[in-house]
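Take a look at the structure below.
The values are calculated or read from the model by the stated rules, or taken from the named source; none is laboratory data. Computed from a prediction, not measured in an experiment: that's the story for all the values here. Cβ placement follows ideal geometry from the backbone for every residue including glycine, while neighbour counts extend to all protein chains displayed. Remember, those area values only see protein heavy atoms, side chains included, never the ligands or the DNA or RNA. Shrake-Rupley method; radii C 1.70, N 1.55, O 1.52, S 1.80 Å.
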Amino acid sequence: MESKNQESGSLKKATLGAGCFWCVEAVFQQVEGIVAVESGYTGGKVKNPTYREVCSGLTGHAEVAQITYNPNVISFEDLLEIFWKTHDPTTLNKQGADMGTQYRSAIFYHDDEQKEIAEKYKQELDQAKIFDDRIVTEISPLKEYYKAEDYHQNYYNQNSAQPYCSYVVRPKVEKVRRLFADRLQTK
């Protein structure tokens, strides 16, 4: 029997940067309709960068989560709603204490439809003044994507007692559980 997450052969991908990829991965792993979440790097100028290189800020890459989802269960707009509400899209190259271009708020679109939806959504949020400051989220085409090292995959679930996970990741996971209780996976 196929799960609700896999009932369609037409899965799609979204690539989002909202600070540390451990946070983004952990948030979206909770959501119904998400088939897989992978931490990686994109938006830079170096081929096959390492975590150390990305953290230097010299490669131009953002830490991102590449999300494989079932559009029959969750829409790209729904993913963006979660994205906007679980990080601060108004701080340039910064999320909390994490600073650097690798932590920028970014949507790396896979096709023209995603680009149009992301740009329209961002404009509507700015016009409605949902946030105190203007949204600085980058909206760019996905070019080269590189999977992060294996130890970054499923990080929160394997390291939830680690201090960064306790103080930074867990509050975001709890926020998504609180704000989107009706959209969470049932286990």
What are the residues in segment 66-103 that are out of contact with any strand residue (DSSP E or B) (no Cβ under 6 Å at 6 or more places or on another chain), outside any helix (DSSP H, G or I) and of a type in the set (A, V, I, L, M), if any?
73, 74, 92, 97, 99
Qualifying residues in segment 50-74 (those that are touching a His at 6+ places or on another chain (Cβ under 9 Å) and open to solvent by 10 Å² or more (accessible area, probe 1.4 Å)) - the one nearest to residue 22 (Cα to Cα):
51
Any idea how many residues of segment 130-187 are open to solvent by 70 Å² or more (accessible area, probe 1.4 Å) and closer than 21 Å to residue 49 by Cα?
5
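Taking segment 104-136 as the region of interest, how many residues are within 12 Å of residue 91 (Cβ to Cβ) and either more than 18 Å from the chain's Cα centre (by Cα) or in a helix (DSSP H, G or I) (or both)?
Number of matching residues: 4.
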Among the residues of segment 154-163, is any part of a helix (DSSP H, G or I), of a type outside the set (S, T, N, Q) and closer than 26 Å to residue 73 by Cβ?
yes
Collect the residues in segment 95-120 that are touching a helix residue (DSSP H, G or I) at 6+ places or on another chain (Cβ under 6 Å) and within 15 Å of residue 21 (Cβ to Cβ), keeping them in residue-number order.
95, 102, 107
Given the conditions (1) crowded, with 18+ Cβ neighbours inside 10 Å; (2) in contact (Cβ under 8 Å) with a residue 40 or more places away in the chain, report the number of the one that residue 122 does not fulfil.
(2)
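Please find, among 88, 78, the residue that is of a type in the set (Asp, Glu) and open to solvent by 50 Å² or more (accessible area, probe 1.4 Å).
On the way: 78 fails: open to solvent by 50 Å² or more (accessible area, probe 1.4 Å).
Just one listed residue meets the conditions, 88.
Confirm whether residue 118 is in contact with a strand residue (DSSP E or B) (Cβ under 7 Å, 6 or more places away or on another chain) and aliphatic (A, V, I, L, M).
So residue 118 fits the description; yes.
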